[in-house]
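Have a look at the structure below, then the notes.
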Amino acid sequence: MKQLDLNRRKLLSRALALGAITALPGCNYEDPAHPDVADWFLHKMSAFNDEMQALLFNPNTLAPTFSPGMITNPPRFNAFYDMSQAPVVDPATYALELGGQIQDKQSWTLAALRALPQEGQITRFVCVEGWRVIGQWSGVPLGYFLHRIGADVTCKYVSFKCADGYYSSIDMASALHPQTILALDFLNAPLTAPFGAPVRLRIPTKLGFKNPKSIMQLAVSNVYTGGYWEDQGYNWFSGS
Ligand SMILES: Nc1nc2c(c(=O)[nH]1)N[C@H]1C(S)=C(S)[C@@H](COP(=O)(O)O)O[C@H]1N2
Ligand SMILES: [Mo]
């Protein structure tokens, strides 16, 4: 009975997420008399979906994990540019900058991040473009990190800014999910530039575009900051 309930909820949340993703960017609906009404309505629907998905999100439900033999190698690259254009961040001078509702805003070098507890996972990565891969990432659990820096975890959002100008933000419940990590390694070796070096978000409960790479800044706040694809109409919550 309980399991059935859970499956139902999952199905509903997936239907909502999918609805928002397929309805928004793919829809070319145009009403010449009221050009902005359809757009306004779809954005309202997406915002409503965000709230529904946040309500349905179960912080204790884990994303599926896989065995080492199922890892997709080589991984698949994706960004809003070609792989050769990926930003190269110098690991020696790198420091993760912190902002917003955080008590200790001192920036974090890679060595300092590596000195924190590390968690590994073999999980599936799903891109809205229609491909999925299985990979192995490890790094600092974001929930642990947020508590460590004295972040106000009653805030609504955790936002990220990347070396290539990409940006994204997630809800606090998803940020505190046990499988959400600030990944430093892929296949037990430091991340490479195209795949998000030196630090990327790995959040297996959300779609690929909610996994920002080469993160330079992290902020905690109640101010909605959207995201690179989110601002172009992709559903913000985007649970997978
Ligand atoms: N900095 C940055 N992060 C990003 C992107 C990007 O263009 N720049 N693209 C997103 C999208 S759409 C996907 S599917 C994944 C791809 O990650 P991968 O190259 O490790 O497969 O990164 C996400 N994070
Ligand atoms: Mo993606």
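Number of residues in region 71-108 that are out of contact with any Gly (no Cβ under 7 Å at 6 or more places or on another chain) and part of a strand (DSSP E or B) equals 7.
If you go through region 48-70 one residue at a time, how many are part of a loop (DSSP other than H, G, I, E, B) and without any contact (Cβ under 8 Å) to a residue 24 or more places away in the chain?
Initial filter on region 48-70 (part of a loop (DSSP other than H, G, I, E, B)): 57-64, 66-67.
Applying the additional criterion that residues be without any contact (Cβ under 8 Å) to a residue 24 or more places away in the chain yields 60.
Total satisfying the criteria: 1.
Going by the structure shown, is Glu129 more than 13 Å from the chain's Cα centre (by Cα), assigned to a strand (DSSP E or B), under 25 Å from Phe209 (Cβ atoms) and among the acidic types (Asp, Glu)?
no
Scanning region 163-200 for residues that are more than 12 Å from the chain's Cα centre (by Cα) and in a strand (DSSP E or B) yields Leu184, Asp185, Phe186, Ala189, Pro190.
Answer with yes or no whether Ala219 is part of a strand (DSSP E or B), over 9 Å from the mean Cα position of the chain (by Cα) and within 12 Å of ligand 1 (Cβ to nearest atom). Lay out the reasoning, then the answer.
Working: part of a strand (DSSP E or B): yes; over 9 Å from the mean Cα position of the chain (by Cα): yes; within 12 Å of ligand 1 (Cβ to nearest atom): no.
Here the answer is no, as Ala219 does not meet what is asked.
We did not get these values from a lab; they are worked out from the coordinates using the rules stated. Owing to the predicted nature of the structure, the values given are computational and were not obtained by experimental measurement. Neighbour counts run over all protein chains shown; Cβ positions are idealised from the backbone, glycine included.
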